[in-house]
1. Quick one: which residues, 5 or more positions from Ala478 or on another chain, have an amide H under 5 Å from its amide H? H modelled 1.01 Å from N in the peptide plane, none for Pro or chain starts.
2. Normalise the Debye intensity by I(0) for region 503-590, one equal point scatterer per Cα, no solvent, then take log10 at q = 0.18 Å⁻¹ and round to two decimals.
3. Relative contact order (percent) for the chain, with alpha-carbon contacts under 8 angstrom and 6 or more residues of separation?
4. Given a Förster distance of 22 Å, report the FRET efficiency between Leu587 and Lys557 from their Cβ-Cβ distance, rounded to the nearest 0.05.
5. Rolling a 1.4 Å sphere over the protein heavy atoms, what is the accessible area per residue of region 275-414, to the nearest Å²?
6. Given 5 Å bins starting at zero, what is the percent of C-alpha pairs of region 382-539 in each, up to the one with the largest pair distance?
7. What distance in nm lies between label points placed 7 Å from Cα along the C-beta direction at Ser385 and Lys617?
8. Per 0.36 nm of contour for each residue apart, how much would the distance between Leu277 and Thr472 grow if the chain were fully extended, relative to their Cα-Cα spacing?
Amino acid sequence: MHLKHVSDNGFPALKMKITANNHLIRVAWVAALVATTATSPAASPSSAGTAKRPNIVIILGDDLGFADMGCFGGEIKTPNLDSLAQAGVRCTQFYTHASCSPTRSMLLTGVDTHLNGLGNMDEWTAPNQWGVDGYEGYLNNRVATLPQLLKDAGYHTYMAGKWHMGKATNQIPAARGFERDFSLLDGAGSYWDMWNFTAASPKSTFTEDGRYLKKLPRHYYATKTYTDKIIGYIEANRRYGKPFFAYVSHQAPHDPYHLPRDWRYRHVGEYDKGWDLVRKERLKRQIELGIMPAGTQLSERMWFVPDASLLAPASRAILGKKMELYAGMVENMDFHVGRLIAYLKKIGEYDNTIFIVFGDNGAEGTDLFKMIAGTPGTRDFLFASIQWSQNNPNAWGDPHSYVGYGPAWAQVSMTPFSQYKGWLAEGGIRNALIVSGPIVKRPKGSINRGVMHVADIVPTLLEVAGASYPSTVNGQAAPPLRGKSWVRLLAGEEESPRSGQDYLAWEIFGNRAVRQGDWKLRWQYKPYGTEQWEVFNLADDVAERRDLASAQPDKVKALLALWDDYVRANKVILPSRVLSEGMVKKLPDRYPVEEGFPPLIYKRQFIPPTNMLADPKP
């Protein structure tokens, strides 16, 4: 196929010349636009008559849980995100990575983390990974990025929000293909100002259009400002008529839970009943909605999390208030998503816009503030005591306050799965996904259960845009795309982009996992894992309660062969130091959590029959 640009009223068009072998070349039209596969020859943008290529909006929630949105079973009110689900499709077997920057690196490159520079998070790179290709801690120069490829294909490219993939001038969003950006380069920070978390790095770093900011805009609040900027960028270039790619990389609902006062009190007392009841209610709604099949079990409550019914009312209220704030964060983010939707409707672009919505990993169950602040007498503890000192619950949400909701509520966010962010149980890597827009031809509001992965987004969007993946990057052979296009799935022509022989694999912080078909192989450090290979059949055990390794030795062997293949292909180096060091001693011994055990603490006061009551005899 020979591709050539020609001008047509300001839009490039596509001419095709069939090769001499007369082989029939199938041209798939997506939303009346030419699409090519990610491995096809270089393609040009096209138009057919008055048809336009679709705009693309990716909305990323930072640490947003699988079960948080209303359309995935949450009691949190998310009408705008739900409206996208009602107009498109919800996907229930979509995978990311277990932490922030590794997921983002695959989202924007389609390449495995161990090849694209985020083989480990920059903050936790082990000594044996220092200086090794693939472990730079930022997007390296051996990968092409989605915004650059879309920009070359005639798209405007915009970003607002969290970057977390490098701070040097050749690593920031403007250097990696974004035409306009307003970006937080750090992994987290205040929503109100530039304060960061450590004495060594007290201020967060921001860029706007490739320049490092000396200060933030007036009336800055992260979620609102990011939305303002994206709308502004779209508006500024609207007259040119080109399609746009907008990456809205929200900081919310990552801790600290900062939000305006009028968003803090919308769920007062609602979570005082405790995490166990809320988790059961969410699973019930998930089954009613069709997100989970009937008979789905909840995962075990984490062994170190108490039964909320045994806590004193005041304790339940304080812990419930943390979840109230988290719910407010999600609802505030949804409100600002609604502003973007309303704007696109106003300018007539909504119907021609693809929306892709998901969270970047499992919900955050680790006490990050405690981890960062350390112990009394250290410089970081002193810094935290000064700059993050507003710890009265009445001040939670204000500048200089820091609150996260902890492991109990993180498990609620990840209902019905086991564990949460940072780990390779389903609760660390499975996320809610919504796709809507002109490429979705499935019934509106439908649910898909195909196995999907964040690395699929690059080949999908290149196909939609009529762009192609390069054979070389900066004079070197381009690493292979890991993902599979969703175009046929979204068109209703297939149920999954993967066959039963395809597999997915993960490694982060030394923890490992492989999934092929319904089978999952997992190895995790203690105490969250056993430091042995475990095997689960996700078809009937999505909560990963039953390790079948001893009963299925042949399955273990087959999946281990896939793990070895993944290690070789992606040059995986297991870390010499890991995040879980010392954790076994810091947490209680691990025992099974069984509801109602021990009976002693659940036994109610015995009340004898009234007709058997008597006063003492003299």
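1. Close amide H contacts, sequence-distant or interchain: Thr472, Val473.
2. The Debye formula, applied to the Cα set alone, gives -0.83.
3. Values: 1336 pairs, mean separation 135.9, N = 618.
Rounded, it is 22 percent for the chain.
4. On the way: r = 32 Å, r/R0 = 1.47.
Once rounded, the FRET efficiency stands at 0.10.
5. 39 Å²
6. 2, 7, 12, 14, 14, 13, 13, 10, 9, 6, 2, 0
7. 6.8 nm
8. Details: separation 195, 0.36 × 195 = 70.20 nm, distance 5.35 nm.
Roughly 64.9 nm would be gained on extension.
The values are calculated or read from the model by the stated rules, or taken from the named source; none is laboratory data. None of the values given here were measured: they were computed from a predicted structure. All Cβ positions, glycine included, derive from the backbone under ideal geometry; neighbour counts span all protein chains shown. Surface accessibility is based on the protein's heavy atoms, side chains included, excluding ligands, DNA and RNA. Shrake-Rupley method; radii C 1.70, N 1.55, O 1.52, S 1.80 Å.
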